[in-house]
Amino acid sequence: MKVMKFGGTSVGTPERMKNVSQLITESGEQTFVVLSAMSGTTNSLVEISDYLYKKNPEGANEVINNLEKKYMQHVEELFSTDEYKQKTCEFLQSEFKFLRSFTKDLFTSFEEKSIVAQGEIISTNMVVNYLQECGVKAILLNALDFMRTDKNAEPDPQYIKEKLQAIMNDNEGYQIYITQGFICRNAYGEIDNLQRGGSDYTASLIGAALPAEEIQIWTDIDGMHNNDPRIVDKTEAVRQLNFEEAAELAYFGAKILHPTCVQPAKYAGIPVRLKNTMDPQAEGTIIDNVIVRGKIKAVAAKDNITAIKIKSSRMLLATGFLRKVFEIFESYQTPIDMIATSEVGVSMSIDKDDHLNDIVNELKKYGTVTVDTNMCIVCVVGDLDWSNLGFETLATDAMKNIPVRMISYGGSNYNISFLIKESDKKRALQNLSDVLFNK
Ligand code: ADP
Ligand code: ASP
Ligand code: MG
C-alpha cells in the first residue's frame with residue numbers, strides 16, 4: 001500500500017479536492033491518504049485562538065464567520081447531490097458551533113490545540129464525503145485514535161503501529177483510507193499536534209507503521225529544488241536524494257519537507273517521493289538509500305539563528321570545558337546546530353533563543369561571551385565526503401564576497417554549512433546556485 005500526503009494548497013479549493021480525489025483513485029489500488037487543512041485554515045484557527053487568549057470574542061467571531069462563509073460556499077462547489085451537500089453542511093455547522101462555544105464563555109479554559117486541530121478534521125471529512133458521493137469505497141480513520149506522542153512530546157512509533165494495524169484489521173476491504181495530518185494526542189490523551197507543517201511527519205509515521213511500500217508527499221512544486229525557489233532564480237528539481245541529504249536539507253530550511261519527516265521513513269527503509277499535485281506527470285524527487293557519488297545536490301538556508309562565542313584563556317588546559325558549556329545549553333533544552341572550536345574559544349549557533357539570556361549569564365562564569373543575532377545558516381548538501389577533492393573549495397569560492405561568521409564541514413559526509421548574516425542570505429544563495437549549478 002502507498003501513503004499519499006496532500007498539503008494545504010493541494011486541497012486548497014473544491015476544484016483541487018476533486019483533482020486529489022482523481023489522483024488517489026485512478027490507479028484502483030488500495031491507498032492510505034493523509035490530508036492537511038485547506039490552505040489558510042490553520043492560520044485562521046491560530047488567529048481565533050489568539051483572539052480568545054486575548055479575551056476578544058468579537059475578533060474571534062469575525063474570523064469564525066468569514067471561515068464559515070467560505071466553507072459553506074465550498075460545499076456548494078464540491079458536491080452535486082443534495083444528500084451530500086446536506087450531510088456536509090450539518091457536519092460543518094457542528095464544527096462552527098464548536099468553535100463558537102469558546103467565544104461565549106470566556107472564563108472557561110479553551111483548548112487551543114483542539115481549535116487548531118479542526119482544519120484537518122474538516123478537510124478530511126469533506127474529501128471522504130466527496131469520494132463516497134462519487135461511489136468510491138473510502139473510509140475516514142480518525143488520527144486522534146492512533147497518532148500519539150510520549151511524555152517527551154515525541155511520536156510513539158510502537159503505539160502508533162499497534163493501534164493503526166488494529167484499526168486497519170477492523171476495516172479491511174476499503175480502497176481509500178483517509179486520515180488527518182498534523183493532529184495527535186499527547187501522552188495524557190489530550191488533543192495535540194506535530195507542529196506547523198507536521199502533516200509530512202504524520203505521513204512518514206504512518207508509512208513506517210503500516211508499513212507502506214512508498215510514502216508520497218504531494219505539494220505545489222515538482223520536487224525538491226536545488227535551491228530555495230522563493231528566493232533564488234533558476235532553481236531546478238533534484239531527481240534523487242538519499243535520506244541523509246534530504247534530512248539535512250529539510251532541517252536546514254527546505255520548506256517542502258518538514259524536518260522531522262525523513263527519519264521514520266529512513267529507519268523503515270521506505271522511499272519517499274515528492275510530487276506536484278498541479279503537474280502530476282512531472283517526475284518529482286525520490287528519496288531513498290542510494291548514494292550518488294561525487295555530486296553536490298542542493299542548497300538550503302535556515303533563518304533566525306543566534307551565534308554565541310565564548311572565549312576563555314583558561315580553556316587551553318582545562319579538560320571538561322566543553323562539557324560544562326554543553327551542559328548549560330542542555331539544562332535550558334536548547335539544541336546547538338553548528339560548532340567551531342579554537343584553542344581559546346568555541347562558537348556555537350542555536351535556533352531557539354527563549355533562554356538566551358539565562359544561557360549567556362551562565363556562560364559568563366567561564367569566559368567572555370559575544371552574541372550575534374539575526375544570523376542564518378546556509379547549508380550545501382551532497383556527497384561532500386573529504387575524498388571528493390575540491391568540493392569544499394567550490395562552496396567557499398561561491399561565498400567569497402559574503403562575510404562568513406562560522407564554517408562547519410566534516411560533521412557528516414553530506415554537508416558544509418556557513419553561518420552568515422540574514423541580510424546576506426539572498427546574495428549567498430544566488431551565488432551558490434550560480435557557481436554550483438548554473439555554470
Ligand atoms: P504543503 O502545504 O504542501 O506542505 P509547503 O508550503 O510546506 O507545502 O512546501 C512547499 C513549498 O516549499 C514550495 O511551494 C516552495 O516554495 C517551498 N520550498 C522551499 N525550499 C524548497 C526547495 N528546496 N525545493 C522545493 N520547494 C521548496
Ligand atoms: N495544517 C498544518 C499547518 O498549516 C499542518 C500542515 O499543513 O502540515 O501547519
Ligand atoms: Mg508543508
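Please name all residue pairs, on different chains or six or more residues apart, with Cβ atoms under 8 Å, provided the first residue is in region 188-213 and is free of Cβ contacts under 8 Å to residues at least 12 places away in the same chain and over 21 Å from SER10 (Cβ atoms) and the second residue is within 16 Å of ligand 2 (Cβ to nearest atom) and of a type in the set (Lys, Arg).
none
Quick one: which of ASN357, ASN431, ASN401, ASN361 is under 22 Å from THR235 (Cβ atoms), loosely packed, with under 15 Cβ neighbours inside 10 Å and without any contact (Cβ under 8 Å) to a residue 40 or more places away in the chain? Can you show your working first?
Working: ASN357 fails: under 22 Å from THR235 (Cβ atoms); ASN431 fails: loosely packed, with under 15 Cβ neighbours inside 10 Å; ASN361 fails: under 22 Å from THR235 (Cβ atoms).
Of the residues listed, the single one that is under 22 Å from THR235 (Cβ atoms), loosely packed, with under 15 Cβ neighbours inside 10 Å and without any contact (Cβ under 8 Å) to a residue 40 or more places away in the chain is ASN401.
How many residues are touching a helix residue (DSSP H, G or I) at 6+ places or on another chain (Cβ under 6 Å), assigned to a loop (DSSP other than H, G, I, E, B) and either closer than 16 Å to GLY269 by Cα or at pLDDT below 95 (or both) if we restrict to region 202-241?
Of the residues in that region, 1 qualify.
Do we find a residue being in a strand (DSSP E or B), under 22 Å from GLN240 (Cβ atoms) and modelled with pLDDT under 95 anywhere in region 399-415?
Within region 399-415, the subset in a strand (DSSP E or B) is 404-409, 415.
Imposing the further condition that a residue be under 22 Å from GLN240 (Cβ atoms) reduces the set to 415.
Adding the requirement that they be modelled with pLDDT under 95 leaves 415.
For region 399-415, residues in a strand (DSSP E or B), under 22 Å from GLN240 (Cβ atoms) and modelled with pLDDT under 95: present.
State all residues of region 53-74 that are over 22 Å from LYS87 (Cβ atoms) and among the β-branched types (Val, Ile, Thr); if no residue qualifies, say none. I'd like the intermediate steps shown before the answer.
Kept after step one, since they are over 22 Å from LYS87 (Cβ atoms), are these residues of region 53-74: 53-63, 65-66.
VAL63 - this is the single residue of region 53-74 that is over 22 Å from LYS87 (Cβ atoms) and among the β-branched types (Val, Ile, Thr).
Out of ILE178, ILE160, report the one residue that is closer than 17 Å to GLY207 by Cα and not in a helix (DSSP H, G or I).
Working: ILE160 fails: not in a helix (DSSP H, G or I).
Residue meeting the stated conditions: ILE178.
Select, from TYR84, TYR53, the only residue that is over 27 Å from GLY198 (Cβ atoms) and of a type in the set (Ser, Thr, Tyr).
Numbers: TYR53 fails: over 27 Å from GLY198 (Cβ atoms).
Just a single option satisfies the conditions, and that option is TYR84.
Out of curiosity, is LYS255 within 16 Å of ligand 2 (Cβ to nearest atom) and surrounded by fewer than 18 Cβ atoms within 10 Å (Cβ to Cβ)?
On the way: within 16 Å of ligand 2 (Cβ to nearest atom): yes; surrounded by fewer than 18 Cβ atoms within 10 Å (Cβ to Cβ): yes.
When the stated conditions are applied, LYS255 passes them.
Against the definition (surrounded by fewer than 24 Cβ atoms within 10 Å (Cβ to Cβ), more than 30 Å from LEU429 (Cα to Cα) and away from ligand 2 (no atom under 16 Å from the Cβ)), how does PRO157 come out, yes or no?
Values: surrounded by fewer than 24 Cβ atoms within 10 Å (Cβ to Cβ): yes; more than 30 Å from LEU429 (Cα to Cα): yes; away from ligand 2 (no atom under 16 Å from the Cβ): yes.
Against the criterion (surrounded by fewer than 24 Cβ atoms within 10 Å (Cβ to Cβ), more than 30 Å from LEU429 (Cα to Cα) and away from ligand 2 (no atom under 16 Å from the Cβ)), PRO157 qualifies.
The conditions are (1) more than 14 Å from ligand 1 (Cβ to nearest atom); (2) crowded, with 20+ Cβ neighbours inside 10 Å, and ASN289 fails exactly one of them. Which is it?
It fails just one condition, (2).
The values are calculated or read from the model by the stated rules, or taken from the named source; none is laboratory data. In this text the structure is predicted, and so the values were computed from the model without any measurement. Neighbour counts run over all protein chains shown; Cβ positions are idealised from the backbone, glycine included.
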